[in-house]
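The values are calculated or read from the model by the stated rules, or taken from the named source; none is laboratory data. Note that the structure is a prediction, hence the values are computed from the model and not measured. Positions of Cβ are generated from backbone atoms using ideal geometry, with glycine treated the same way; all protein chains shown enter the neighbour counts. Ligands, DNA and RNA are stripped out before the accessible areas are found, and what is left, the full protein with its side chains, is counted by its heavy atoms. Shrake-Rupley method; radii C 1.70, N 1.55, O 1.52, S 1.80 Å.
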Amino acid sequence: MNITYQLTQDEYLKAVNLHHKTGKRVFMLAFYAILAALIVIVGTDLSNTREIITNMIAAFFSISFYMLFVRMLSAYQAKNVYQKSTTLPNEVTLHISGKGIKLDKNSNNASIPWSAFSQWKNDERFYLLYTNPRRFNVIPLRAMSALQKKELDAYLRKYISKG
């Protein structure tokens, strides 16, 4: 099976956002909020209402800044990775078979066996195939027919565990 596509920068950013949609981020944010609340409670004179309100507002803005910073940093890093990549902005043809996935780019014939992938996940726009927890390959669904989607699903279920 051959899949030919060109990934846009916006699509890559959406794929990175899908990658970041995990419970680990929510857990870290909850931990940060609980830690900030604990610091406010321990460091506040509870008999002074004005000090309580001031410290709660400071905690709220610090958590908000953290969330905004993480979101902006993620988008900035994804944009840089896309622009510096020699593969992402170009048209790519993937040859998918029982042996693995072969990247056919004019002179570069890189091949990745199924055993190199650790997990995969998908949504209504993409398949993400992970080679390690932070590195993944993106395959957009718009580039595949219904038959190709079924065939790729069969390969993924057979060779890789779902993440």
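Some values worked out for this structure:
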item	result
Some residue of the range 35-57 being open to solvent by 50 Å² or more (accessible area, probe 1.4 Å), aliphatic (A, V, I, L, M) and either touching a strand residue (DSSP E or B) at 6+ places or on another chain (Cβ under 7 Å) or touching a residue at least 60 places away in the same chain (Cβ under 8 Å) (or both)	no
ILE139 part of a strand (DSSP E or B), modelled with pLDDT of 90 or more and within 22 Å of TYR12 (Cβ to Cβ)	yes
Residue match in the range 51-65 (condition: under 30 Å from GLU151 (Cβ atoms), over 14 Å from the mean Cα position of the chain (by Cα) and not charged (D, E, K, R))	no
Single unsatisfied condition, TYR82 versus (1) open to solvent by 80 Å² or more (accessible area, probe 1.4 Å); (2) among the aromatic types (Phe, Trp, Tyr); (3) in contact (Cβ under 8 Å) with a residue 24 or more places away in the chain	(1)
Residue identified as closer than 24 Å to SER145 by Cα, in contact with a strand residue (DSSP E or B) (Cβ under 9 Å, 6 or more places away or on another chain), without any contact (Cβ under 8 Å) to a residue 40 or more places away in the chain and open to solvent by 70 Å² or more (accessible area, probe 1.4 Å) among LYS14, LYS99	LYS99
1 or more residues basic (Lys, Arg) and at pLDDT 85 or above: qualifying strands (runs of 3 or more DSSP E) within the range 42-136	100-104, 119-122
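Residue by residue, here is whether (1) closer than 18 Å to HIS19 by Cβ; (2) hydroxyl-bearing (Ser, Thr, Tyr); (3) surrounded by fewer than 18 Cβ atoms within 10 Å (Cβ to Cβ) holds:
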{"position": "TRP120", "(1), (2), (3)": "yes, no, no"}
{"position": "GLU124", "(1), (2), (3)": "yes, no, yes"}
{"position": "TYR130", "(1), (2), (3)": "yes, yes, no"}
{"position": "SER145", "(1), (2), (3)": "no, yes, yes"}
